[in-house]
Amino acid sequence: MSGLVFISLRSGSFGNSYVVSDGETTILIDAGAPKRLVAANTAEMGLPPPRALFITHEHHDHTKSLAPIVRHFAPKIFATPGTIFALGRKLESVGSAVVPIDAGTQIGVGKFAVSSVLISHDAAQPVAFRIDHTGGKSAAILSDMGDFGAGITDFACGAGLVLVEANYDPQLLRNSWYPEYLKRRIASRRGHLSNYQCARLAGKLIDSGTKLVVLGHISENNNTPDLALNTVRAHTDFPSIATADRYNPRIFFL
Ligand SMILES: [Zn+2]
Ligand SMILES: [Zn+2]
């Protein structure tokens with residue numbers, strides 16, 4: 001394989017997991033997709049099983065398959081001290097050592113360097129990840145954040161593929177059956193990115209050299225893939241925008 005492959009296995013409140021591989025080393029970001037989906041999709045593409053698992057934050061949709069994934073693949077696990085503490089028993093029960101990471105530092109895995117930045121979300125110590133390959137290709141995952149500042153755009157600046165959260169359409173959220181506290185939580189600075197916030201972030205990334213923006217964590221109740229795509233396209237005038245799927249794997253080459 002000359003470049004990298006990025007697989008969005010699942011993206012959304014039902015589960016989140018992303019694979020990045022150069023054909024020699026496979027990295028898994030989050031453990032929200034079933035183990036069988038990780039195994040089938042890496043095997044189908046001839047990729048080695050994941051050697052490292054990076055966890056963005058403790059929420060169930062990002063960690064619900066942690067135990068079966070760790071037992072099956074035995075990857076090295078990386079998470080912030082806050083996430084490790086918040087996962088508590090869930091991590092202890094898998095009996096695997098976790099390497100605490102400091103946001104801002106880089107972890108080497110094969111020919112990859114994985115870096116992280118703190119994000120604004122209602123979790124203990126959530127982060128976004130950027131994965132750089134010695135061959136020059138890179139990907140970043142910017143999801144589960146209610147707001148973003150220059151630190152986030154600088155962090156992902158120039159990454160070839162960036163998955164950006166496009167969680168909700170503000171009007172659909174306002175009119176949804178969700179209880180008020182949940183609507184407020186989602187739209188808060190520690191909640192999720194709306195299509196408009198996503199468009200603003202995507203625009204900055206495209207200006208910095210990003211070649212493909214993948215819209216992720218799209219709400220089933222307060223958004224649609226078409227609405228997210230159309231909103232971001234209307235604000236960025238950029239053709240290379242795709243969507244990740246809530247249930248099915250999507251494969252991207254970079
Ligand atoms: Zn989530
Ligand atoms: Zn979350």
Can you name the number of the only condition in (1) in a loop (DSSP other than H, G, I, E, B); (2) surrounded by fewer than 18 Cβ atoms within 10 Å (Cβ to Cβ); (3) in contact with a Gly (Cβ under 6 Å, 6 or more places away or on another chain) that Q125 fails?
(2)
List pairs: first residue in segment 94-123 and within 16 Å of ligand 2 (Cβ to nearest atom), second residue part of a loop (DSSP other than H, G, I, E, B) and at pLDDT below 95 anywhere in the structure, Cβ distance under 6 angstrom, at least six positions apart or on different chains.
S116/A103; V117/A103; L118/A103
Are any of the residues in segment 179-197 closer than 15 Å to S143 by Cα, in contact (Cβ under 8 Å) with a residue 60 or more places away in the chain and open to solvent by 90 Å² or more (accessible area, probe 1.4 Å)?
yes
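Of the residues G15, G23, which single one is touching an Asp or Glu at 6+ places or on another chain (Cβ under 8 Å) and on the phi > 0 side of the Ramachandran plot?
Working: G23 fails: touching an Asp or Glu at 6+ places or on another chain (Cβ under 8 Å).
Result of the check over G15, G23: G15.
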For segment 59-85: of the residues being part of a loop (DSSP other than H, G, I, E, B) and open to solvent by less than 40 Å² (accessible area, probe 1.4 Å), which is farthest from ligand 2 (Cβ to nearest atom)?
P75
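Checking the conditions here, which among G88, G95, G82, G110 is at pLDDT below 95 and out of contact with any helix residue (DSSP H, G or I) (no Cβ under 9 Å at 6 or more places or on another chain)?
After ruling out the rest, the residue left standing is G88.
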Residue set G15, G23; condition assigned to a loop (DSSP other than H, G, I, E, B), buried (at least 22 other Cβ atoms within 10 Å of the Cβ) and modelled with pLDDT of 95 or more; output residue G15
Unmet criterion (only one of (1) without any contact (Cβ under 8 Å) to a residue 12 or more places away in the chain; (2) open to solvent by less than 10 Å² (accessible area, probe 1.4 Å); (3) among the hydrophobic types (A, V, I, L, M, F, W, C)) for A43
(2)
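The values are calculated or read from the model by the stated rules, or taken from the named source; none is laboratory data. Computed from a predicted model, the values in this text were never measured in an experiment. Every residue, glycine as well, gets a Cβ built from its backbone with ideal geometry; the counts of neighbours run over all protein chains shown. Surface areas here come from the heavy atoms of the whole protein model, side chains and all, with no ligands, DNA or RNA. Shrake-Rupley method; radii C 1.70, N 1.55, O 1.52, S 1.80 Å.
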